[in-house]
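> Pasting a structure here, questions to come.
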Amino acid sequence: MTSKLMDRVLGFGFNQTRTHILLLKSPERRIPQQLDVPGGEAAFNEALVSAVAREFKRHTELTVAPEKWRVFAVMSGITSETRCMMAELDELVPIPPQAQWYDVSNPEIRKHGAPNLRWLIPLALCDEGQRYVSITYRG
């Protein structure tokens, strides 16, 4: 018998020119003060675009309509499958203190960011339309 993988989502919020990304620096993260993108688990039978919109709002207080999110990568592990989604945001909206805009080439992302941001941000910026990359790992 096979068990269903846990569905997880990560929300990569870029400005409209895709030169900046909204990252979190929160004591709630797995590693305190580490930069990361909002994310979490999808509820049972929840559409994944709704899950990423909900998790993004929960972490940033910003409302981004589900239809604005687009999958750019799917990471499949032993127990979970994570959809990495991106959306373009309005830069003029107020953001909470735990979030900050970072230039996508800022060395602070490499130094203090979650390790997967080093390759997921460039991957998100590769404009391949409706295509996405599938990644399998043993973690």
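> Run through all the Cα pairs of the chain and give the fraction in each 10 Å bin from 0, expressed as whole percent.
Values per bin, smallest distances first: 12, 44, 37, 7, 1.
> Per-residue ellipticity at 222 nm for the chain, helices alone: DSSP H runs ≥ 4 residues times -39500 (n - 2.57), over residue total, nearest 500 deg cm²/dmol? Mind dumping the intermediate values first?
Working: 3 runs with 28 residues, N = 139.
About -6000 deg cm²/dmol.
> Please work out the FRET efficiency for the pair A43 and R70, using the Cβ-Cβ distance as r and a Förster radius of 35 Å; give the result to the nearest 0.05. Provide the component values of the computation, followed by the final result.
Working: r = 21 Å, r/R0 = 0.59.
Computed FRET efficiency for A43 and R70 comes out at 0.95.
> GNM, the chain, Cα, under 10 Å: largest mean-square fluctuation among I78, I31, I121?
Fluctuation is largest for I78.
> Give me the number: length gained by fully extending T136 to D90, i.e. 0.36 nm times residue separation minus the C-alpha to C-alpha distance, one decimal in nm. It would help to have the intermediate numbers written out before the result.
Numbers: separation 46, 0.36 × 46 = 16.56 nm, distance 3.28 nm.
So the chain would gain 13.3 nm between T136 and D90.
> For the chain, give me the percentage of DSSP beta bridges that are antiparallel, rounded to the nearest 5 percent. Numbers along the way, then the final one.
On the way: 18 of 33 bridges.
The answer is about 55 percent antiparallel.
Taken together, the values in this text are just the output of simple stated rules run on the coordinates, not laboratory data. Not measured: the values here are computed from a predicted model. Every residue, glycine among them, receives a Cβ derived from its backbone with ideal geometry; neighbour counts consider all protein chains shown.
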